[in-house]
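These notes concern the structure reproduced below.
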Amino acid sequence: MNIKIKFPDGSVKEYPKNISPLKIAEGISPGLAKQTVIAKINNKKVDLDYKITQDAVFELFKFDSKEGRETYWHSSAHLMALAVKKLFPKVKVTIGPAIDSGFYYDFDKDVPFTDEDLEKIEQKMKELAKQEIKYERLELSKKKAKEMFKQMGENYKLEILEDIPQDEIISIYKLGEFTDLCRGPHLQHSGKIKAIKLLKTSGAYWRGDASNKMLQRIYGVTFPSKKEMKKYLHNLKEAQKRDHRKLGQELDLYSFSDDVGPGLVLWHPNGALMRSVIEEYWKKRHFEEGYQVVQTPHIGKAELWEKSGHLGFYNESMYSAIEVDKQEYYLKPMNCPFHIAIYQNQKRSYRELPIKYAEMGTVYRYENSGSLHGLMRVRGFTQDDAHIICTPQQLDSEIEDVIKFSLNILKAFGFEDFEIFLSTMPEKAVGKKKDWEKASSALEKALNKLDIDFEVDEGGGAFYGPKIDIKIKDALKRSWQCSTIQFDFNLPERFNMEYIGEDNQPHRPFMVHRALLGSVERFFGTLIEYHAGNFPIWLCPVQVKVLPISDNFIEYAKKVNAKLVSHGIRSEIDYKNEKIGYKIREAEMMKIPYMFIVGQKEVDAESVSVRRHTEGDIGRKDIQEILEVIQQDIEKKN
């Protein structure tokens, strides 16, 4: 008896019942079969030896796909766990997922792993990979699984099993002597893993809870070829050079202090100036787009956060209550309820809509100390929040406008390559299904109308509404989350938001959350890494450094500097009693776009010798001439 298999191109072919994805791939091309990692049968990921018993929609995935990489790296985590258990038999295993750039596994080991341990584990993984050990899937009852892991002494697996329903069939995967609780799928055998590198170790609390035991985490990455590994390691070195924590210190932009508290940013003059430039541009563009800028308090009464649902949904991320006049107040984790309070300060008519409130609002969220990471994950940060309150009829045009606005803003900061994701209704959601469909349709229609490529993340929306996420890709092809455009069916209902329609009756408005930069802190960190500290000139804290060859030319340097400053250019003089070569090297290290070198020849000709960062000497220029060039660069956001 044959079954029908439908391929992604729409074609349908017949195959014998119980055929495997691997056999189908081999029939198409031996090369394809060799490169294939996993398959999808009726949208379910399966191993390549899975038996197909009925008609199915069929798809194959190589390593270069998201699904392929996830499976490849999760299989590699199992290989690492096998190597660790062989070298350190008393170590207990916990979880080992794939992540965006490889994988990790957490181990319960009393003494932390050393660099020498990592070398041994990596070498053992390479030995085991060559043995082509098969990944075997087994299914058993929860009772049998508990008996097996209890006998093995793997108490963490027993704890995970407690969270699984009693009647659910448990799947496990065996790799040699290592057995893991896992849904899969996995590679056929360890020999598919060709290039292996263990990167680092760190501490991690079991289940991310600081009250649990500290585990030892090992990070690694693998590839199907040494060439891909070589490219990855090159990019890793480049990423280390671009690390915003390193460059932030070198460029004197910001710092953290244990005396102030972890995750709380101290902005230095250079960083604060850049931030001011960003915020001024942000305000100017928002005014041009019809937004009204508002400002709201840093704290709010407990009743407000109960009404909004934050105390119910986000309580663990909120700081402890502050008592004021025998009432509890909380530091705000979000700005939304305050914007709603402004909207509800008076009755609203359909004629007033859309209303667009925007704010650079500082919020506070508790993050575990282990998850703090430079500017990317902090405890106090500023969101460039906006809320668009509109009628259903205005929805399509507003969404289209905000997408265009988001991309234009990001392009002004030098970003060029974007990934767009449309996330739809999850299983647990608030609001009417027809409203979800209308909102999702508005998002999709706007993206199609603007001819923007996007991926659909089915069921990936927030519980309160569908959303669009805009990620940027840098020179190393890393993705960074920036803009988010989210519908909200929850807060308008909770706060009973209304407007009076043309029929003179109250109606519920639609509300769209929108953050273009996201967190200013994270955006700033992204800017640093994306540009490797070589910012567009309009953002640079110092745009020109005037370098007198000796103290004899300081007066002329002051004259040049004054002219630059009077024309709105951020300029400084290097007064140090050092040789000109030292001054140039220091200005290059600080990544200052222009250096004006002044000596006797420049004084005589009333000119400056100009150096451009990373380009070198571009010759002697008339001051007015080069000033106009710089002004044009700044104006064009070059």
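A few points about this structure:
- The residue of region 607-638 that is nearest to the chain's Cα centre (by Cα), among those that are over 13 Å from K563 (Cα atoms) and hydroxyl-bearing (S, T, Y), is T614.
- Within the option set K477, K473, K467, being in contact (Cβ under 8 Å) with a residue 12 or more places away in the chain, closer than 30 Å to K237 by Cβ, surrounded by 15 or more Cβ atoms within 10 Å (Cβ to Cβ) and under 23 Å from the mean Cα position of the chain (by Cα) holds for one residue only, K473.
- Flag for I193 being surrounded by 20 or more Cβ atoms within 10 Å (Cβ to Cβ), touching a Cys at 6+ places or on another chain (Cβ under 8 Å) and of a type in the set (A, V, I, L, M, F, W, C): no
- Yes/no for V456 being within 13 Å of D488 (Cα to Cα), surrounded by fewer than 19 Cβ atoms within 10 Å (Cβ to Cβ), assigned by TED's automatic domain parsing to the domain that holds K473 and of a type in the set (V, I, T): no
- Which numbered condition D209 fails, given (1) closer than 23 Å to M376 by Cα; (2) surrounded by fewer than 15 Cβ atoms within 10 Å (Cβ to Cβ); (3) in contact (Cβ under 8 Å) with a residue 12 or more places away in the chain: (3)
- With respect to the conditions (1) buried (at least 16 other Cβ atoms within 10 Å of the Cβ); (2) in contact with a helix residue (DSSP H, G or I) (Cβ under 7 Å, 6 or more places away or on another chain); (3) closer than 19 Å to F113 by Cα, R242 lacks only one, and its number is (3).
Quick grid of which residues meet (1) on the phi < 0 side of the Ramachandran plot; (2) touching a Phe, Trp or Tyr at 6+ places or on another chain (Cβ under 9 Å):
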{"site": "G581", "(1), (2)": "yes, no"}
{"site": "R585", "(1), (2)": "yes, no"}
{"site": "M589", "(1), (2)": "yes, no"}
{"site": "I592", "(1), (2)": "yes, no"}
{"site": "Q600", "(1), (2)": "yes, yes"}
{"site": "T614", "(1), (2)": "no, no"}
{"site": "E625", "(1), (2)": "yes, no"}
{"site": "I634", "(1), (2)": "yes, yes"}
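- Sole residue being in contact with a Pro (Cβ under 8 Å, 6 or more places away or on another chain) and either in the same structural domain as G271 (by TED's automatic domain parsing) or of a type in the set (G, A, S) (or both), chosen from R514, R508, R478, R494: R508
- Condition check for F113: of a type in the set (F, W, Y), farther than 14 Å from K192 by Cβ and outside any strand (DSSP E or B): yes
- Across region 138-162, the qualifying residues are those that are surrounded by fewer than 18 Cβ atoms within 10 Å (Cβ to Cβ) and touching a residue at least 40 places away in the same chain (Cβ under 8 Å), and the one among them that is farthest from G208 (Cα to Cα) is G153.
- Assessment of region 132-143 against the conditions (in a helix (DSSP H, G or I) and modelled with pLDDT under 95) yields at least one matching residue.
- Looking at F178, F223, just one residue is farther than 25 Å from M152 by Cα, aromatic (F, W, Y) and either touching a residue at least 60 places away in the same chain (Cβ under 8 Å) or in the same structural domain as V46 (by TED's automatic domain parsing) (or both), and that residue is F223.
- Of F405, F418, F338, all but one fail to be aromatic (F, W, Y), touching a residue at least 24 places away in the same chain (Cβ under 8 Å) and farther than 28 Å from E493 by Cβ; the exception is F418.
- Here the condition is being touching a Gly at 6+ places or on another chain (Cβ under 6 Å) and of a type outside the set (F, W, Y); of H507, H513, H567, it holds for H507 alone.
- Residue selection: E59 fails the criterion of being within 24 Å of E132 (Cα to Cα) and acidic (D, E).
- Check on L407, touching a Pro at 6+ places or on another chain (Cβ under 6 Å) and within 26 Å of A475 (Cα to Cα): no
- Members of region 325-340 that are charged (D, E, K, R) and in a strand (DSSP E or B): E328
- Applying the set (1) modelled with pLDDT of 90 or more; (2) within 30 Å of D396 (Cα to Cα) to N490 leaves exactly one unmet item: (1).
- In region 571-600, of all residues being crowded, with 18+ Cβ neighbours inside 10 Å and basic (K, R), the one that is nearest to V629 (Cα to Cα) corresponds to K591.
- Given (1) modelled with pLDDT of 90 or more; (2) crowded, with 16+ Cβ neighbours inside 10 Å, index of the condition K283 fails: (2)
- Annotation note: of G460, G518, the sole residue that is part of a loop (DSSP other than H, G, I, E, B), in contact with a strand residue (DSSP E or B) (Cβ under 6 Å, 6 or more places away or on another chain), more than 20 Å from S308 (Cα to Cα) and of a type outside the set (K, R) is G460.
- Checking each residue in region 44-94 for being β-branched (V, I, T), surrounded by fewer than 21 Cβ atoms within 10 Å (Cβ to Cβ) and either within 31 Å of the chain's Cα centre (by Cα) or part of a helix (DSSP H, G or I) (or both) picks out only V46.
- Residues of region 498-514 satisfying the condition of being touching a residue at least 60 places away in the same chain (Cβ under 8 Å) and surrounded by fewer than 20 Cβ atoms within 10 Å (Cβ to Cβ): E498, I500, G501, E502, H507
The values are calculated or read from the model by the stated rules, or taken from the named source; none is laboratory data. Just so we're clear, the structure is a prediction, and the values are computed from it rather than from any experiment. Note that each Cβ is placed from the backbone with ideal geometry, even for glycine, and that neighbours are counted across all protein chains shown.
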